[in-house]
Amino acid sequence: MPDYANMTIQQLRAAMDQYALRHGGRAFMIQRLTELYRAQPNAVPAIAKSRTHPLPLDTATQDRITAILKKSHLYENMLLYIAVDLKEVQRVIAAENIKVTLQQLSDYLTAQGAIFTKPKREAVTEES
């Protein structure tokens, strides 16, 4: 059984989202997830089956990212609700030796209320 009692609030919320359950207080989420696990021990959330969705960032990493962004040229734009480029934010963070995926960074910035633009997917064309 997953150790729900030692998960952070963000990890509990992510687990609740995997089962499409509403969020609540810490005790509520632990109780609901434990009940669900005991009722269906072989139930695996759809997100857990695919490794396309990375785990949320831990608090220490979030704090480091916040400190880095406060010193960067992007911070003023974020405060003024001007969209920042997600790839540029990732480059600023990577320059400080912190590796985060675009999805993790997107989740983090969304939780912070920042406005950002995602890179466009390049169209695949076949040449004849």
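The values are calculated or read from the model by the stated rules, or taken from the named source; none is laboratory data. Here the structure is a predicted model, which means the values were calculated and not measured. With ideal geometry, Cβ positions are generated from the backbone for all residues, glycine too; neighbour counts draw on all protein chains shown.
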_Hits in the stretch 89-118 - residues which are over 18 Å from ASN77 (Cβ atoms), without any contact (Cβ under 8 Å) to a residue 40 or more places away in the chain and part of a loop (DSSP other than H, G, I, E, B)_ = GLU96, ASN97, ILE98, LYS99
*Just a yes or no: is a residue in the stretch 21-29 in a loop (DSSP other than H, G, I, E, B) and at pLDDT below 85?*
yes
*Neighbours by Cβ (under 6 Å, 6+ apart or cross-chain): first from the stretch 54-78, more than 23 Å from ASP17 (Cα to Cα) and in the same structural domain as GLN104 (by TED's automatic domain parsing); second small (Gly, Ala, Ser) and surrounded by 13 or more Cβ atoms within 10 Å (Cβ to Cβ)*: MET78/ALA114
